[in-house]
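**Student:** Dropping a structure here in structure tokens format, bear with me for questions.
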Amino acid sequence: MVPRKSKTSYRRTSRFLTKQIYNIPADKTYAGDKRAFNQQESILAVFVDFSRAYDSIWRAKLIAELKNMNIERNMLAWFSRFLDQRWTKVKYGETFSKYKQTKLGLHQGAVTSTTLFNVHINDLPNIVRNTKTNIGMYADDIVIWASTKNNAKQHETL
């Protein structure tokens, strides 16, 4: 996985509320944002939080992405078994359904699920990024932003 130059994090502000904090590194990659601030340009940001992100992962594509990252043999087999061994049943009133194997999603709470999710969305910055936008990612939360003096152009870009 290619490390990203941008980071976001969360800070708990109360028992029920978490506030997203976005950090722009002070390196030449984001010099344009500092320039935009100094020239009083507006910065428009879009914050995305995928709902049920872990539940919607297509496992076959995830395995293909792991293969593309040169993960093979025993490690790939381990991930395949980890993903395939998911069973669920439904309770309605006092009645339970039969167990059924799930075909989508990652196991909630498993340490490897976070890494697998990041592998799955790791190519998103390459799809979104162009010369006028920036992207920051933290788990299933994404911020995409652009700066300009022309707000109409900014909306079009994002």
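**Student:** Considering only protein heavy atoms and a probe of 1.4 Å, how much of the accessible area of segment 47-146 is carbon and sulfur, as a whole percent? Walk me through the numbers on the way to the answer.
**Tutor:** Working: 3740 of 6780 Å².
Here carbon and sulfur together make up 55 percent of the probe-accessible area.
**Student:** Taking the Cβ of Asp55 as the centre, find all other residues whose Cβ is under 12 Å away and add up their charges (Lys, Arg: +1; Asp, Glu: -1). Walk me through the numbers on the way to the answer.
**Tutor:** Details: positive: Arg52, Arg59, Arg86, Lys103; negative: Asp140.
With Lys, Arg at +1 and Asp, Glu at -1, the neighbours total +3.
**Student:** In segment 48-108, what GluC sites (Glu not before Pro) fall in a loop by DSSP, with at most 14 other Cβ atoms inside 10 Å? Numbers along the way, then the final one.
**Tutor:** Numbers: sites: Glu65, Glu72, Glu94; in loops: Glu72, Glu94.
When the GluC sites (Glu not before Pro) of segment 48-108 are filtered for loop state and at most 14 Cβ neighbours within 10 Å, Glu72, Glu94 remain.
**Student:** When the solvent-accessible surface of protein heavy atoms is calculated with a 1.4 angstrom probe, in what order do Ser147, Ser97, Ser113 fall, highest first?
**Tutor:** Ser97, Ser147, Ser113
**Student:** I would also like to ask the following. Between Ala139 and Gln101, what's the calculated FRET efficiency when r is the beta-carbon distance and R0 is 22 Å? Round to 0.05. Before the final figure, lay out the partial values.
**Tutor:** Details: r = 26 Å, r/R0 = 1.19.
The pair Ala139/Gln101 has a calculated efficiency of 0.25.
**Student:** If R₀ is 35 angstrom, what is the calculated FRET efficiency for the pair Leu76 and Lys132, using the beta carbon separation as r and rounding to 0.05? Mind dumping the intermediate values first?
**Tutor:** Values: r = 38 Å, r/R0 = 1.09.
Computed FRET efficiency for Leu76 and Lys132 comes out at 0.40.
The values are calculated or read from the model by the stated rules, or taken from the named source; none is laboratory data. As the structure is a computational prediction, the values presented were derived from the model and not from experiment. Reconstructed Cβ throughout: ideal geometry from the backbone, glycine too, with neighbour counts over all protein chains shown. Accessible surface areas use protein heavy atoms only, side chains included; no ligands, DNA or RNA. Shrake-Rupley method; radii C 1.70, N 1.55, O 1.52, S 1.80 Å.
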